[in-house]
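**Student:** Have a look at this one before I ask anything.
The values are calculated or read from the model by the stated rules, or taken from the named source; none is laboratory data. Since the structure is predicted, the reported quantities are computational estimates derived from the model, not experimental observations. Positions of Cβ are backbone-derived with ideal geometry, glycine not excepted, and every protein chain shown enters the neighbour counts.
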Amino acid sequence: MEATKPNILQVRDLHVQVRTTEGFSTLVQGINFGMKKGEILGLVGESGSGKTVTSMSILQLFDQKNMKIEGSITLQGRELNGLQTKEMREIRGKEIAFIMQNPMNAFTPVFTIGHQFVETIKSHTSLTKKQAKELAIDVMKSVNLPDPNRLLRKYPFQLSGGMLQRVMIAMAACLRPSVIIADEPTTALDLHNQLLVLQLLDKVRSEYGTSILLISHDLAVISEMADDVIVMQHGRIVEAANVFELFDHPKHECTKQLLNTRPTFNMEQQTITLMV
Ligand SMILES: Nc1ncnc2c1ncn2[C@@H]1O[C@H](COP(=O)(O)OP(=O)(O)OP(=O)(O)O)[C@@H](O)[C@H]1O
Ligand SMILES: [Mg+2]
């Protein structure tokens, strides 16, 4: 009875406004969507359509003084909108992980990858340092990251952007979040690294049953990865459909335009070699 399973993440009537000198101005409105366990939901739309505002609102990463977030965001039935900062901090990383465009921003340059990995795990679990390191290595192995021991001894600047992004995803997967929000996770990468990162996200989904909100302006990426897709324009959802339906029978003008400007991209046609 797949259809009756409750959604892991449910967003209802999300309306986000920002304070300006002339009062509140709307950034996104009427946002409704749900995510099932193990589903990849693609979120596409032209630049400025509200994709990042939507994801930042789910994670409540906005300064609450200047932003008004109305509507309901439930994670496994629990309302997130209105939670205290401390409660939300516990949810971020542990239950909803965030993968951003530039992984370098997510790491501190002065500590090794291993140190940061272990500290992240320790801050959300009661594991000892030794256990946290073992968990890090296990997860890196399970997602096919090569030579985890060596990777953990490196500093962020010693890794390529693509490798850092993959470490970031492994780090997120370690805590078995029910949801990963990946905002343009491959935009800063070359094609080879894009493929590795997308394959890794897919592996995390199949290995851990994680639901992934994959944000991209690139419909080629979405067509390879997503089960369902929502399209945003001017702060609203203009189309939502199963990925095949959307690509075969796009309804909204905006979707048609995005489809017309799409580059071709096929994960299966590429031969991938893993290197550190
Ligand atoms: N912190 C903020 N304060 C005020 N306005 C904002 C803020 N963040 C985003 N906006 C505005 O909200 C709108 C949506 O921006 P958003 O960053 O969500 O677009 P996007 O779809 O993620 O675009 P891109 O594809 O370029 O990343 C834009 O008009 C942007 O200027
Ligand atoms: Mg964005």
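**Student:** VAL143: within 15 Å of the chain's Cα centre (by Cα), modelled with pLDDT under 90 and away from ligand 2 (no atom under 16 Å from the Cβ), yes or no? Talk me through it step by step, then tell me what you get.
**Tutor:** Working: within 15 Å of the chain's Cα centre (by Cα): no; modelled with pLDDT under 90: yes; away from ligand 2 (no atom under 16 Å from the Cβ): yes.
Against the criterion (within 15 Å of the chain's Cα centre (by Cα), modelled with pLDDT under 90 and away from ligand 2 (no atom under 16 Å from the Cβ)), VAL143 does not qualify.
**Student:** Please go through (1) within 16 Å of ligand 1 (Cβ to nearest atom); (2) of a type outside the set (Phe, Trp, Tyr); (3) in contact with an Asp or Glu (Cβ under 7 Å, 6 or more places away or on another chain) for SER142 and return the number of the only condition it doesn't satisfy.
**Tutor:** Exception for SER142: condition (1).
**Student:** Just one of the numbered conditions (1) surrounded by fewer than 20 Cβ atoms within 10 Å (Cβ to Cβ); (2) more than 16 Å from ligand 2 (Cβ to nearest atom); (3) aliphatic (A, V, I, L, M); (4) modelled with pLDDT of 95 or more is not true of ALA3; which one?
**Tutor:** Failing condition for ALA3: (4).
**Student:** Give me the residue from region 49-72 that is out of contact with any helix residue (DSSP H, G or I) (no Cβ under 9 Å at 6 or more places or on another chain) and within 13 Å of ligand 2 (Cβ to nearest atom) and, out of that set, nearest to ASN32 (Cα to Cα). Before you say what the answer is, go through the steps one by one.
**Tutor:** Residues of region 49-72 out of contact with any helix residue (DSSP H, G or I) (no Cβ under 9 Å at 6 or more places or on another chain): 50-58, 63, 65-66, 68, 70, 72.
Still in the list and also within 13 Å of ligand 2 (Cβ to nearest atom): 50-57.
On the way: GLY50: 13, LYS51: 13, THR52: 15, VAL53: 14, THR54: 11, SER55: 13, MET56: 15, SER57: 13 Å.
Per the stated criteria, the residue is THR54.
**Student:** A further question on this structure: Out of (1) within 15 Å of the chain's Cα centre (by Cα); (2) modelled with pLDDT of 95 or more, what's the single condition that is false for VAL231?
**Tutor:** With (1) within 15 Å of the chain's Cα centre (by Cα); (2) modelled with pLDDT of 95 or more applied to VAL231, the lone miss is (1).
**Student:** Only one of (1) surrounded by fewer than 18 Cβ atoms within 10 Å (Cβ to Cβ); (2) part of a helix (DSSP H, G or I) is not met by CYS254, so which one is it?
**Tutor:** Every condition holds for CYS254 apart from (1).
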